[in-house]
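Inspection log for the structure reproduced underneath, given as structure tokens.
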Amino acid sequence: MGRVLALVAAAAAVLAALLLSPFVLEEISHSKGVDWNRLSQIGAAYGFTSAIVSALALSGVAGSLIVQNRQARAEQVQGIRSYYLELVRLELDDMALYQPVWGDTDITDPHERKRHVYADLMMNYAWMGFEIGTIREPLLRDMLTGMFTGEAGRHYWSRA
């Protein structure tokens, strides 16, 4: 409450200073009878420059908001990725306990099951990286080419 009151008081003080500035300047300069029309024309001459500076400042604010939005999105994706990684670690630590949660599987060999989970983890990593722009298309193509040249990657794909 005190913070809001201080903000309102500061805004009122700035407004009062702006409204009273011509009269204060006239008193300080001891020059009565100043041609306010001439001063207005001089001030208007700087209006174009002021508009350019304001436009640049607004562009800076817009750019900042875009960057903040991207950062927030990346943080969300990172949070989801971390959570997913933790789930996969649990599964890999005790496949017999956690694998049935995903449903019955025809993979009987425990090593092959782990390779399947690892391939799933790699696919999700590649997808999320591509989605947020940290993995570009050429790198994604290289990753998937490498993955699918191996038998484990092709088996994963046929099951997934």
Tell me the mean residue ellipticity at 222 nm calculated for the chain from its helices only (DSSP H runs of n ≥ 4, each -39500 (n - 2.57), averaged over every residue, nearest 500). -28500 deg cm²/dmol
Specify the residue with the greatest mean-square fluctuation among LEU87, LEU19, LEU140, computed from a Gaussian network of the chain linking alpha-carbon atoms under 10 Å apart. LEU19
Using only the alpha-carbon atoms of the chain as identical scatterers, what base-10 log of I(q)/I(0) does the Debye formula give at q = 0.11 Å⁻¹? -0.71
Once ASP104, ASP120 are ranked on solvent-accessible area with the largest value leading and a 1.4 Å probe, the list reads ASP104, ASP120
Choose one answer from ILE107, ILE42, ILE28: the residue with the largest mean-square fluctuation in a GNM of the chain with alpha-carbon springs under 10 Å. ILE28
Of VAL117, VAL24, VAL88, which is the most mobile in a GNM of the chain whose springs link Cα atoms less than 10 angstrom apart? VAL24
May I ask which residue of LEU25, TRP36, ALA10 lies farthest towards the positive end of the charge dipole of region 1-79, with charges of +1 (Lys, Arg) and -1 (Asp, Glu) on Cβ and the Cα centre as origin? ALA10
At 1.4 Å probe size, with every protein chain present, just tell me what the per residue accessible area of the chain comes to in Å². 80
Show me the helices of the chain, taken as full DSSP H stretches, that run 30 Å or more along their long axis by Cα and average 1.0 or above in Kyte-Doolittle hydropathy. 2-29
Taking the Cα centre as origin and putting +1 on Lys and Arg beta-carbons and -1 on Asp and Glu beta-carbons, what dipole magnitude results for region 78-160, to the nearest 20 debye? 260
Between ILE135 and residues 5 or more places away or on another chain, the pairs with built amide H atoms under 5 Å apart involve PHE130
Spin-label point model (7 Å from Cα, Cβ direction): what's the ALA9 to TYR84 distance in nm? 5.3
Dipole axis of region 34-160 (+1 Lys, Arg; -1 Asp, Glu on Cβ), positive-most option in VAL77, MET95, ALA119: VAL77
Relative contact order of region 27-160, pairs being alpha-carbon contacts under 8 Å that are 6 or more residues apart, as %: 19
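The values are calculated or read from the model by the stated rules, or taken from the named source; none is laboratory data. Computed from a predicted model, the values in this text were never measured in an experiment. Quick reminder, even Gly has a Cβ in these numbers, built from the backbone with ideal geometry, and neighbours come from all protein chains shown. Areas reflect the complete protein model, heavy atoms only, side chains present, ligands, DNA and RNA absent. Shrake-Rupley method; radii C 1.70, N 1.55, O 1.52, S 1.80 Å.
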